[in-house]
């Protein structure tokens, strides 16, 4: 018996539904994109769609600047951030953005620091390029803004100085991460969200008295 291979549209919709079920994409929040071939065009979630009912028809075709191609619908307000990732990391094929309690709280608490350090956790090995738990990553935190041009420029300047890493946070807003395919991007979301929850709980327990 041969198993039918899913097309990329179906695979991305399944991923979006998974993230919604996990509580990573409440209601109409979050945005997602995929660059399925070597073209500079990509596909991104249209704005205002509940992620629990998201379908292949809710994906929009946009050019390399994020401008819709043959579509009058509104793409995600944060399309330029996806453009930025694809322009600077040609190997990346999928970008996922999540809103969770833990990434929202931690990005708010650490926004003045400008980064969140995750260190020594076994699950770090689930992120691209990491082979040992005996390491750390600094997840950049950028101030949230409605001015996507300004925000994109700030993120680009940071990358030019520090490199690209595996993801970033917008303060009080959420996580952006990516991968060479949908599966890798989904894995990185799961790793980051697990580590954010662990980090928060470790910090929470450190300020209370635990029972003997």
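The values are calculated or read from the model by the stated rules, or taken from the named source; none is laboratory data. Every value quoted in this text rests on a predicted model; they were computed, and no experiment measured them. All Cβ positions, glycine included, derive from the backbone under ideal geometry; neighbour counts span all protein chains shown.
Of the residues screened, residue 157 is one that is modelled with pLDDT of 95 or more, surrounded by fewer than 21 Cβ atoms within 10 Å (Cβ to Cβ) and either out of contact with any helix residue (DSSP H, G or I) (no Cβ under 9 Å at 6 or more places or on another chain) or assigned to a strand (DSSP E or B) (or both).
For the residues 106, 84, the requirement of being in contact with a helix residue (DSSP H, G or I) (Cβ under 8 Å, 6 or more places away or on another chain), assigned to a helix (DSSP H, G or I), over 30 Å from residue 201 (Cβ atoms) and in contact (Cβ under 8 Å) with a residue 24 or more places away in the chain singles out 84.
Scanning the range 41-53 for residues that are within 25 Å of residue 89 (Cβ to Cβ) and either out of contact with any strand residue (DSSP E or B) (no Cβ under 7 Å at 6 or more places or on another chain) or without any contact (Cβ under 8 Å) to a residue 12 or more places away in the chain (or both) turns up just one, 51. Considering only residues in the range 122-152 that are part of a helix (DSSP H, G or I) and out of contact with any helix residue (DSSP H, G or I) (no Cβ under 9 Å at 6 or more places or on another chain), the one that is surrounded by the most Cβ atoms within 10 Å (Cβ to Cβ) turns out to be 150.
Total residues in the range 118-148 satisfying the condition of being closer than 20 Å to residue 185 by Cα and touching a strand residue (DSSP E or B) at 6+ places or on another chain (Cβ under 8 Å): the figure is 11.
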